[in-house]
């Protein structure tokens, strides 16, 4: 560690500089006014992980209700409100902002060799918008005594226009969160274009950056549509303009179109950053250059663009035309191509690699297994005829959780472990991390695989009760959810312990070749003392291992970027 | 960045950053209105005769007047920018910026007269009279008020932005070599203008 970072990190103090201020733990004020991208990343991490915990607890409450067909644990309305809150919190407060705002903020400037985001003040402003949106959502739980929305996270009309619970607060909160998301995307696109170090061509960007970059475009272009849709629900409820109200000639189907024009691309906002991080982790733990760098990079853009044209597959049975149905089905199958390209490339990266089975890599492998199941069940739902049988059942819920929890969730956990030593300068306990992963993985599959089976057998989603023949499977699912939550608790406990008491981490514990591993752990306030000059791709390892596929120039040149 | 880089290059980079950011923002604004235009297209297709009937109720004179007002304001904001950037004339810049803001205000005043007239005739969402009319007419006026209302909101935001710019110009924070904020404010104003260029024929000129 050089003198520069030593000064700032205050060696006698063992927490990173961004949690401290003049040697003492940083007050809230230090955080709330700092425009440093690393602090903003941490600033997002705390509420996002807290909201994740809250939403997990809500999920557990639902599973307890489902232990028996005539359970009186929750009332019907309360069950509706809880699954709505679970969905709204998870989707809008955790999964959509999750990886970009935490790891994007912390690592984009470092990974591209830049000083900070293009718009640091705007960056902090997005956090305030995020918190404002979150507060409005939370107010909807208690305000006016009517309770939170019971519409499901989709706010489908006409029910969302008529229910007396606090839908207006919820949709306004989502609108504000949308603004936060747009501005974050705008900042990230500009940053990737403008803040790259000399020599950091687009063809040398780490694939995590490609993933977040593609995501940022979707954030800018798709989010305004949900913004206006939420505004229209508000205006419809207050003034009764009629656009979604069938009694005034409005068409509820148009609401669904507008909603999914955003909310399907939003699924790619959730998954693409995770795919990017997985693409960074695979080469490092295989000691090999990534297989098919360009195809992975461009498949991110392909997913982002084609994925914006498939929203109608959420509406096969809601009355859209048959022509629209088969076109959307065809496009849905097309999106499977770039997704599969990524999976094949990751697996091909392993071939003849020198594999290190550390916790981040286990999570990355878990990602591939779970995301593949999620993707394949997605094809069953994407086919018109089979969807008639499976729509609005647990099969959809299981599929969604395989893709999003198995995908984005495991990507997030992989990133938490992979970048843990860099962010905190400390190590978690590796053995505990592996045990936690195994418990989490087993619980996950017991839970959601059972949901897939239940759905196939006809169990509808969003019901607080069920027919007696589903009892055994419902109980297995609930037991699985408990195992899963146990794994989650162990994982977070281990990370927290590592943060407080972990062994000091080396600057480059995994032998990574991207820029964040060439600077001290934890990074100083200014990541680089000199602007790095980039002369090679992100996965060219110089420790004698790996890379049989790099370009000639990359072999001949030594990496020149120094801190 | 090393110290050998000139500061003017930094300023230039700053300008490119801000412009790129603003264009992305404008894209997102277009998609925000895009959702509304999509609804308009669907309902006009479904209820074409009612939409034509609804259009007859709007004042073409007021609409045309407002179009001229907004187009002129786009001209004045460009003249203001030119006055500062090329002519280095702060006083002229301030006058034309003020004129732009005044034209925005004129637009809102005309708009409010229009809305008031509609209120008096019971042609507003939720009005008993309107609810007794056909579905297409209810939707026409629902969309008319929502879309022109959202647009008017943008006019107000634009006026706020330009007032900020005017303040910066007068306090010397925006100088002839440092016009990025002003350029971006003007771009935003043009967007507000362009959206009106689409709203005007779609509501006032359909027959």
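Of the residues making up segment A:153-190, those that are more than 14 Å from residue A:230 (Cα to Cα) and touching a helix residue (DSSP H, G or I) at 6+ places or on another chain (Cβ under 6 Å) number 11. For segment B:149-173, the set of residues classified as touching a residue at least 40 places away in the same chain (Cβ under 8 Å) and within 14 Å of chain A (Cβ to nearest Cβ) consists of B:150, B:151, B:152, B:154, listed by residue number.
Picking from residues in segment B:44-60 that are under 24 Å from the mean Cα position of the chain (by Cα) and within 13 Å of another protein chain (Cβ to nearest Cβ), the one that is farthest from residue B:141 (Cα to Cα) is B:44. A single member of A:307, A:227 is free of Cβ contacts under 8 Å to residues at least 60 places away in the same chain and closer than 27 Å to residue B:30 by Cβ, and it is A:227.
Sort through A:250, A:325 and tell me the only one that's under 29 Å from residue B:143 (Cβ atoms), surrounded by 18 or more Cβ atoms within 10 Å (Cβ to Cβ) and over 21 Å from the mean Cα position of the chain (by Cα). Walk me through it before giving the result.
Details: A:325 fails: surrounded by 18 or more Cβ atoms within 10 Å (Cβ to Cβ).
So the residue among A:250, A:325 that is under 29 Å from residue B:143 (Cβ atoms), surrounded by 18 or more Cβ atoms within 10 Å (Cβ to Cβ) and over 21 Å from the mean Cα position of the chain (by Cα) is A:250.
Of the listed requirements (1) within 10 Å of chain B (Cβ to nearest Cβ); (2) in contact (Cβ under 8 Å) with a residue 40 or more places away in the chain; (3) buried (at least 24 other Cβ atoms within 10 Å of the Cβ), residue A:243 misses just one: (2). For residues that are facing chain B (nearest Cβ under 8 Å), more than 17 Å from residue A:129 (Cα to Cα) and crowded, with 24+ Cβ neighbours inside 10 Å, tally how many sit in segment A:212-226. Residues in segment A:212-226 being facing chain B (nearest Cβ under 8 Å), more than 17 Å from residue A:129 (Cα to Cα) and crowded, with 24+ Cβ neighbours inside 10 Å: 2 in total.
The residues of segment A:484-516 that are over 19 Å from residue A:413 (Cα atoms) and outside any loop (DSSP other than H, G, I, E, B), listed by number, are A:501, A:504, A:515. Filtering B:65, B:31, B:26 for residues that are surrounded by fewer than 18 Cβ atoms within 10 Å (Cβ to Cβ), in a helix (DSSP H, G or I) and within 14 Å of chain A (Cβ to nearest Cβ) leaves a single hit, B:26.
Of all the criteria given as (1) modelled with pLDDT of 75 or more; (2) part of a helix (DSSP H, G or I), the one not satisfied by residue A:34 is (2). Quick check: anything in segment A:288-296 within 22 Å of the chain's Cα centre (by Cα), assigned to a helix (DSSP H, G or I) and more than 23 Å from residue A:189 (Cα to Cα)? Scanning segment A:288-296, I find no residue that is within 22 Å of the chain's Cα centre (by Cα), assigned to a helix (DSSP H, G or I) and more than 23 Å from residue A:189 (Cα to Cα), so the answer is no.
So if I check each of B:180, B:146, B:100, which one is under 26 Å from residue B:15 (Cβ atoms), within 13 Å of another protein chain (Cβ to nearest Cβ) and surrounded by 16 or more Cβ atoms within 10 Å (Cβ to Cβ)?
Values: B:146 fails: under 26 Å from residue B:15 (Cβ atoms); B:100 fails: within 13 Å of another protein chain (Cβ to nearest Cβ).
From the options B:180, B:146, B:100, the qualifying one is B:180.
Quick one: in segment A:230-240, which of the residues that are within 19 Å of residue B:29 (Cα to Cα) and either without any contact (Cβ under 8 Å) to a residue 40 or more places away in the chain or under 23 Å from the mean Cα position of the chain (by Cα) (or both) is farthest from the other protein chains (Cβ to nearest Cβ)? Only one residue tops the list, namely A:230. Counting only residues that are more than 7 Å from chain A (Cβ to nearest Cβ), assigned to a helix (DSSP H, G or I) and either closer than 12 Å to residue B:58 by Cα or in contact (Cβ under 8 Å) with a residue 40 or more places away in the chain (or both), segment B:120-138 holds 1 of them.
Residues that are without any contact (Cβ under 8 Å) to a residue 12 or more places away in the chain and surrounded by fewer than 21 Cβ atoms within 10 Å (Cβ to Cβ) do not occur anywhere in segment A:353-365. Among the residues making up segment A:56-85, those that are assigned to a helix (DSSP H, G or I), touching a residue at least 60 places away in the same chain (Cβ under 8 Å) and either within 23 Å of the chain's Cα centre (by Cα) or more than 17 Å from residue A:152 (Cβ to Cβ) (or both) are A:56, A:59, A:60, A:63, A:64, A:83, A:84, A:85. Scanning segment A:512-540 for residues that are surrounded by fewer than 19 Cβ atoms within 10 Å (Cβ to Cβ) and at pLDDT below 90 yields A:525, A:526, A:529, A:530, A:531, A:535. For residue A:312, the conditions (1) modelled with pLDDT of 95 or more; (2) over 19 Å from residue A:96 (Cα atoms) all hold with the exception of (1). May I ask you to verify whether residue A:479 is free of Cβ contacts under 8 Å to residues at least 12 places away in the same chain, over 21 Å from residue A:428 (Cβ atoms) and out of contact with any helix residue (DSSP H, G or I) (no Cβ under 6 Å at 6 or more places or on another chain)? The answer is no for residue A:479.
Would you point out which residue out of B:141, B:198 is more than 14 Å from chain A (Cβ to nearest Cβ), in contact with a helix residue (DSSP H, G or I) (Cβ under 9 Å, 6 or more places away or on another chain), in contact (Cβ under 8 Å) with a residue 60 or more places away in the chain and within 24 Å of residue B:48 (Cβ to Cβ)? First the steps, then the outcome.
On the way: B:141 fails: more than 14 Å from chain A (Cβ to nearest Cβ).
Among B:141, B:198, only B:198 is more than 14 Å from chain A (Cβ to nearest Cβ), in contact with a helix residue (DSSP H, G or I) (Cβ under 9 Å, 6 or more places away or on another chain), in contact (Cβ under 8 Å) with a residue 60 or more places away in the chain and within 24 Å of residue B:48 (Cβ to Cβ).
The values are calculated or read from the model by the stated rules, or taken from the named source; none is laboratory data. Bear in mind that the values here come from a model prediction, so they are computed numbers and not experimental data. Using ideal geometry, Cβ is built from the backbone for each residue, glycine included, and neighbour counts are taken over all protein chains shown.
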